[in-house]
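Here's the structure, in structure tokens; my notes come after.
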């Protein structure tokens, strides 16, 4: 009878411990760091060891010494994202172990059954423009550029995620097994990073070039997650948001070694910026207006990367490129803390919402991209024509739990008549390690020259997105 009484007590207070997640509007946001230019993209983005056009300012600034005439470049891109939201609905099964003398409970053996959705978003924009001026032919080159690195938009809703009790102290649950729920949500996100920069490249010898790029970056982010009580006609309960409009600075250093006309080796290191953002957590009135709100001002760190590339030219018409790009995605976790988890000034009305959560509970793993591509030149009458193709591997780089689903444990105790979580491991399905997956990309494109004008296009395909780029270079 005591077991039943305590179990009913837990269920009675389930509404006070509705599970929260990090901002679902930002979850599964994966930043991609493309080298600009249709030529580069068509070769799978493998360009660090070649880097012989205006886009070298970002791919490897040392390569700009290959440009012997002033050059103006402009690029238009269209990207179709497949947004995959695994947890728009579903259920989470778990077992409960009760310790009545200690008035505590332990949830374990979590199993997530996801109800996913996916939907497409397409964004089109002017993604790159530059001007390159060779002050001293093959020796000293300067450039200025604009690059819209990231533009991402989406809106979606979730219907809630039920938490279902599977057993109590090893006895299967057969009555009132719905323990509590993750709220239904309404989510929106607009995320943009634009870069304005200048580059300098010098060639101290016929075999070596060095380059530096300095960039001013502008972040604009507006992410909002409104949680809805699905048991009460989807009345708004609370809202969590991330907003920012800030400028940061970054730099890149590149080197290019050309021991012969058939081989070149490139290296690039890019240090990317940090931005100040605002994270808000608020309780809402039934009409959706803010009741009480707390804020913190964390930083959003864009990850650094190291790249190495090799370009081989078996003939004057044919080139093969291979790049390895190591991206420090773990830096995404360095500064961003969510107000729901880390605000110290929570009012009383929000104390039951705040969760004991550690940054060590989540991780974003560093990733290594492998890029391979080639270019073959033919003649169409008096016009040079280029055929290109490539492949690259995109590692998963979104926030996930440090613990496998089945190994997560939540420990509770009763303090002042309330069920209080006392350990730091959070079993949100939104960060399940089972959602981790890499993507493979294939790309292709062509280019053609008309005197002082070159036109290139490229198409990059993977399961999660498609990207089309059209570039034009004007040689002055």
Residue 434 fails exactly one of (1) closer than 30 Å to residue 93 by Cα; (2) modelled with pLDDT of 90 or more; (3) surrounded by 18 or more Cβ atoms within 10 Å (Cβ to Cβ), namely (3)
For residue 115, all conditions in the list (1) buried (at least 19 other Cβ atoms within 10 Å of the Cβ); (2) over 30 Å from residue 252 (Cβ atoms) hold save one; what is the number of the exception?
(1)
Looking only at segment 292-311, decide whether some residue is more than 30 Å from residue 43 (Cα to Cα) and part of a loop (DSSP other than H, G, I, E, B).
yes
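Per-residue answers, yes or no, for (1) over 29 Å from the mean Cα position of the chain (by Cα); (2) over 30 Å from residue 159 (Cβ atoms); (3) surrounded by fewer than 19 Cβ atoms within 10 Å (Cβ to Cβ):
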position	(1), (2), (3)
241	no, no, no
261	yes, yes, yes
272	no, yes, no
314	yes, yes, yes
329	no, yes, no
334	no, yes, yes
From the options 84, 75, 97, residue that is under 22 Å from the mean Cα position of the chain (by Cα) and in contact (Cβ under 8 Å) with a residue 24 or more places away in the chain:
84
Any residue at all in segment 423-430 that's within 30 Å of the chain's Cα centre (by Cα), surrounded by fewer than 18 Cβ atoms within 10 Å (Cβ to Cβ) and at pLDDT 95 or above?
no
Members of segment 439-456 that are surrounded by fewer than 20 Cβ atoms within 10 Å (Cβ to Cβ) and in contact (Cβ under 8 Å) with a residue 40 or more places away in the chain
439, 440, 442, 444, 446, 448, 449, 450
Only unsatisfied item for residue 52, checking (1) modelled with pLDDT of 85 or more; (2) under 27 Å from the mean Cα position of the chain (by Cα); (3) in a loop (DSSP other than H, G, I, E, B), is (2)
Name every residue in segment 230-273 that is touching a strand residue (DSSP E or B) at 6+ places or on another chain (Cβ under 6 Å) and within 30 Å of residue 160 (Cα to Cα), in order of residue number.
230, 234, 235, 236, 237, 238, 239, 240, 241, 242, 243, 244
When you look at residue 340, is it farther than 25 Å from residue 466 by Cβ, modelled with pLDDT under 95 and either touching a strand residue (DSSP E or B) at 6+ places or on another chain (Cβ under 6 Å) or part of a strand (DSSP E or B) (or both), yes or no?
yes
Any residue at all in segment 113-121 that is touching a strand residue (DSSP E or B) at 6+ places or on another chain (Cβ under 9 Å), closer than 30 Å to residue 413 by Cα and in contact (Cβ under 8 Å) with a residue 40 or more places away in the chain?
yes
Suppose the filter is within 18 Å of the chain's Cα centre (by Cα) and either more than 30 Å from residue 320 (Cβ to Cβ) or not in a strand (DSSP E or B) (or both); does residue 228 pass it?
no
Identity of the residue in segment 427-438, in contact (Cβ under 8 Å) with a residue 40 or more places away in the chain and not in a loop (DSSP other than H, G, I, E, B), that ends up farthest from residue 41 (Cα to Cα):
429
For segment 462-474, does any single residue satisfy the condition of being under 21 Å from the mean Cα position of the chain (by Cα), within 23 Å of residue 366 (Cβ to Cβ), modelled with pLDDT under 90 and buried (at least 19 other Cβ atoms within 10 Å of the Cβ)?
yes
Can you pull out the residues in segment 55-67 that are part of a helix (DSSP H, G or I), touching a helix residue (DSSP H, G or I) at 6+ places or on another chain (Cβ under 8 Å) and crowded, with 24+ Cβ neighbours inside 10 Å?
56, 57, 59, 62, 63, 64
Is it true that residue 107 is over 20 Å from residue 39 (Cβ atoms) and either touching a helix residue (DSSP H, G or I) at 6+ places or on another chain (Cβ under 6 Å) or crowded, with 20+ Cβ neighbours inside 10 Å (or both)?
yes
Does segment 275-286 contain at least one residue that is over 28 Å from residue 183 (Cβ atoms), under 24 Å from the mean Cα position of the chain (by Cα), surrounded by 15 or more Cβ atoms within 10 Å (Cβ to Cβ) and modelled with pLDDT under 85?
no
Restricting attention to segment 84-93, does a residue exist that is in contact with a helix residue (DSSP H, G or I) (Cβ under 6 Å, 6 or more places away or on another chain) and either part of a loop (DSSP other than H, G, I, E, B) or within 25 Å of residue 120 (Cα to Cα) (or both)?
yes
Mind checking which residues of segment 363-394 are touching a helix residue (DSSP H, G or I) at 6+ places or on another chain (Cβ under 8 Å), buried (at least 19 other Cβ atoms within 10 Å of the Cβ) and in contact (Cβ under 8 Å) with a residue 40 or more places away in the chain?
367, 373, 375, 386, 388, 390
Run residue 52 past the list (1) surrounded by 21 or more Cβ atoms within 10 Å (Cβ to Cβ); (2) free of Cβ contacts under 8 Å to residues at least 40 places away in the same chain and report the number of the one that doesn't hold.
(1)
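The values are calculated or read from the model by the stated rules, or taken from the named source; none is laboratory data. Just so you know, these numbers come straight off a predicted model, no measurement behind them. Quick reminder, even Gly has a Cβ in these numbers, built from the backbone with ideal geometry, and neighbours come from all protein chains shown.
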